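Note sheet for the following structure.
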Amino acid sequence: MDVNKIMTDLEKRNPGEVEYLQAVHEVLASIEAVYNQNPQFEKSGIIERLVEPDRILTFKISWMDDQGNVQVNRGYRIQFNNALGPYKGGLRFHPSVNLSILKFLGFEQIFKNSLTTLPMGGGKGGSDFQPKGKSNAEIMRFCQAYMLELWKIIGPETDVPAGDIGVGAREIGFLYGMYKKLTHECTGVLTGKGLAWGGSLVRPEATGFGAVYFAQEMMATRNESLKGKKVAVSGFGNVAWGAVRKLNQLGAKVLTLSGPDGYIVDEEGISGNKVDFMLELRASNEDIVEPYARKFKSGVFVSNKRPWEVPCDIAMPCATQNELGEADAQQLIKNKCSCVCEGANMPGTPEAVDTIQRNGLLFAPGKAANAGGVAVSGLEMTQNAMKLHWIAEEVDSKLHQIMGAIHESCVRYGKQPDGYVDYVKGANIAGFLKVANAMLDQGVI
Amino acid sequence: MNFHDGIIRLEKNNPGEKEFLQAVREVLESIEQVYSQYPQFDAVSLIERLTEPDRVIIFKVPWQDDTGKVHVNRGFHVEFNAALGPYKGGLRFHPDVNLSILKFLAFEQTFKNALTGLSMGGGEGGSDFEPKGKSNNEVLRFCQSFMDELYRHIGPETDIPGSDMGVGSREIGYLFGHYKRLVNRFEGVFTGKGTTWGGSWIRKEATGYGLAYIVRKYLEEHDDSIKGKKVLISGAGNVALYAAEKVLQMGGKVVTLSDTNGCIYDPNGIDFTVVKEIKEMNRGRIKEYLNKYPKTTFSENRSDVWKIKGDIALPCATENELDLGAARDLLKNGCQLIAEGANMPTTPEATEFLLQQKAGFIPGKAANAGGVAVSGLEMTQNSMKLMWSREEIDVRLHRIMVDIHDTCVKYGKNDDGYVNYVKGANVAAFLKVAQAMIDQGIM
């Protein structure tokens, strides 16, 4: 494989698609060596076929606003690769949505889904629709108009979308209702559904739970457990909430939470009703964590800073991208932190990740550590297909198994000659090889 | 419609798509006046809906070359507007193919198809595949892989592709054959098929014949006839040859033809049987005409056609072949009508000049619609599972061209009596599509 030549061709064919080109470049760089070991990949054009989506549908969405004006948006669905299973990936409604961003997300999703061990291909979709400021009725009419086109190309055995930015339980509900009306079938065509109508238990907690399981596996490679470990968590949303709950269950002590306004440090540990308070913080819609310090005496609010200065054994960034920079990484190392596990998508800057790995800390990239979310989406598909619900413990135990399997793949493909496990490399290679071999098996498609 | 806002919105939503933006801008300019006369159009955001394709499918086309190596091309299918009927437009296989070009073609097709009076919406598709230099088997495998995806989106009541650059009867055959294998139905999902397997008579001649018919109608309207008229024709492909044949049958005199090597001028009238032999039997160059008629004038500059004195000019070769200088020469020499057989053979400057001078000018959108009209008739014949005779089709084609002419006059006649066929064609087609969209609700 000649990475430079592939990238030049790709730039010519996909002019201006910055996000997408960058994502491809990163994956190619980390799989180059293993790709070249199998000459069959090159002869069968695996890379050329992997970087071209199976199909892209863009479509017109005409809908009527509350004033009776007709509005027009553009809808997208990218069905990137289905070597391992039906296309699977979220829908994003946001004005910034364009083809490049969706192709980037769809491409990444192929590998993340591959890692979960479940039969899911990669896809992504959405629209340049701005949900902010729209009435409930407008959101519904838009979702219905969107589904009026999408229903033709999705299906429980074909393509199973889910939520993403701008698409939550409400939108999934409107979309699902319209799909049923159009097809006259109740099938698991979307995930992230409400519990009463086909959703799965543990879906809200899944990403956080999974990330903690992954941290547990990593610590076990060094004969350590989570018991009694001090953990710095950032964020206070779904992912952080799930992580904090699981950390407490497994005997760790959670010291921090954070929001856009700063962070909370609670030396007595964030547990019990303090965890439930996280839900109240979120429900207030104010996007701040300061009220925690007013409610609980043990909590101290530190304004406009990130929690990585608090001495801890494990750091779990669960808030947002690029929230853990080079200086933060240095601080963690100085404080003898031994493990960084990403609950959010790309919270560590590339420099920070490099520093963390060079100093021999355990480091789990989001691609592997936060795959619990999509894994439970996969389990939602399973439950829909067999027309039965699992109890929470059943879903949780399957999630635990899956995170263990992901960890094992990362170790298998990421173990360096000196014994250090490069989880980033391991995740990329494991995700890629599974897809590539499945493509070889299935011929030129 | 706030014209300016509309264009800005389009540019933002379709960055870099210069061909598409240009085509939209031209149509919007010529319909602006009539659009603002009907407030109900703006109330339902008609322009926004008309300029956004119903759907676009972009797909991977992997195929194996003769050495076993796998190649990947990109396939496109633009389904632009189905207000009047199933999506209908060509497939183009050419390395230059991209989204902007196909959206431009599909947008134009929406209006051209509307003018024919038949039930056809607008679409266009294709791939960046280069057919040149490929073996027959490679073209076959590519067409099959292309159809592996396309079959899902097309159908005789949904979307009926036809041919365009790089897609001739061979490719249509391969595509149609694979479609049948996938769906197990023999149905009219393509036009341009062979006459033994669902094709129509007169398909090859349709554009040229149609052009001659609209010219005759134009002259009749001016109490004139084609008899004895000196006709300048450029090109030597299907459009030029069959326009020439029909003009001759009607008693006109064709004095020029051209191909990429140059043009011939025979003041006594070109001998059509000789030309047909050179071009259709021997696939030779137009220059070979001199072997038979040595006194004919030959020029290596193909645009010299427009320097000849003639009554009627029919550019039937390629786009932008008739520029401002040529337009001036034609009018100076007393040419009374220019009708486009090719797609956009006249440059925008030349078009503007001709309209300013109030010259007789019929744009390709109207004048060469005979081709797609007979494609429409091929669909009709497939649907009723019966083939019409040549005569039957010719009669229908003639009627369609006369109707197109009258429609252009209806919507393009100025107060001073001059008929602006460009405006007439755009306004007529737009109104038809727009009204159908309003009738059918929000879609």
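Here are the numbers:
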item	result
B:VAL255 being assigned to a strand (DSSP E or B) and under 30 Å from B:VAL409 (Cα atoms)	yes
Any hit, segment B:93-116, residues being touching a helix residue (DSSP H, G or I) at 6+ places or on another chain (Cβ under 9 Å), of a type in the set (D, E, K, R), farther than 21 Å from B:ARG152 by Cα and within 11 Å of chain A (Cβ to nearest Cβ)	no
Condition met for B:GLY269 (buried (at least 19 other Cβ atoms within 10 Å of the Cβ) and touching a Lys or Arg at 6+ places or on another chain (Cβ under 7 Å))	no
Residue count, segment B:157-191 (criterion: open to solvent by 40 Å² or more (accessible area, probe 1.4 Å) and not in a strand (DSSP E or B))	12
Residue within segment A:168-175 that is closer than 21 Å to A:GLN79 by Cβ and free of Cβ contacts under 8 Å to residues at least 60 places away in the same chain present	yes
Test: residue in segment B:17-26 that is at pLDDT 90 or above and within 13 Å of another protein chain (Cβ to nearest Cβ)	yes
Any hit, segment B:206-220, residues being under 20 Å from B:TRP306 (Cα atoms), touching a residue at least 60 places away in the same chain (Cβ under 8 Å) and either in contact with a Pro (Cβ under 6 Å, 6 or more places away or on another chain) or not in a helix (DSSP H, G or I) (or both)	no
Any hit, segment B:52-70, residues being under 30 Å from A:ASP54 (Cα atoms), more than 9 Å from every other protein chain (Cβ to nearest Cβ) and touching a residue at least 60 places away in the same chain (Cβ under 8 Å)	yes
Any hit, segment B:208-219, residues being of a type in the set (Gly, Ala, Ser), closer than 22 Å to B:VAL239 by Cβ and touching a Phe, Trp or Tyr at 6+ places or on another chain (Cβ under 6 Å)	yes
Residues of segment A:131-162 classified as within 14 Å of another protein chain (Cβ to nearest Cβ) and part of a loop (DSSP other than H, G, I, E, B), total	5
Some residue of segment B:116-135 being in a strand (DSSP E or B) and of a type in the set (S, T, N, Q)	yes
Qualifying residue in segment B:343-359 (condition: open to solvent by less than 20 Å² (accessible area, probe 1.4 Å) and either without any contact (Cβ under 8 Å) to a residue 12 or more places away in the chain or of a type in the set (Val, Ile, Thr) (or both))	yes
The lone exception for B:ARG328 - which of (1) farther than 20 Å from B:GLU205 by Cβ; (2) over 23 Å from the mean Cα position of the chain (by Cα); (3) open to solvent by less than 80 Å² (accessible area, probe 1.4 Å) it fails	(3)
Flag if A:ASN82 is surrounded by fewer than 19 Cβ atoms within 10 Å (Cβ to Cβ) and among the polar types (S, T, N, Q)	no
1 or more residues open to solvent by 20 Å² or more (accessible area, probe 1.4 Å): qualifying strands (runs of 3 or more DSSP E) within segment A:276-370	A:299-303
Which numbered condition B:ASN261 fails, given (1) free of Cβ contacts under 8 Å to residues at least 60 places away in the same chain; (2) open to solvent by less than 10 Å² (accessible area, probe 1.4 Å)	(2)
In segment A:86-116, the residues that are open to solvent by 30 Å² or more (accessible area, probe 1.4 Å) and outside any helix (DSSP H, G or I)	A:ARG92, A:HIS94, A:PRO95, A:SER96, A:ASN98
Test set (1) open to solvent by 10 Å² or more (accessible area, probe 1.4 Å); (2) of a type in the set (Asp, Glu); (3) more than 7 Å from chain A (Cβ to nearest Cβ) - B:GLU79 fails condition number	(1)
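The values are calculated or read from the model by the stated rules, or taken from the named source; none is laboratory data. Since the structure is predicted, the reported quantities are computational estimates derived from the model, not experimental observations. With ideal geometry, Cβ positions are generated from the backbone for all residues, glycine too; neighbour counts draw on all protein chains shown. Note: accessible area is taken over every heavy atom of the protein model, side chains too, but ligands, DNA and RNA are not part of it. Shrake-Rupley method; radii C 1.70, N 1.55, O 1.52, S 1.80 Å.
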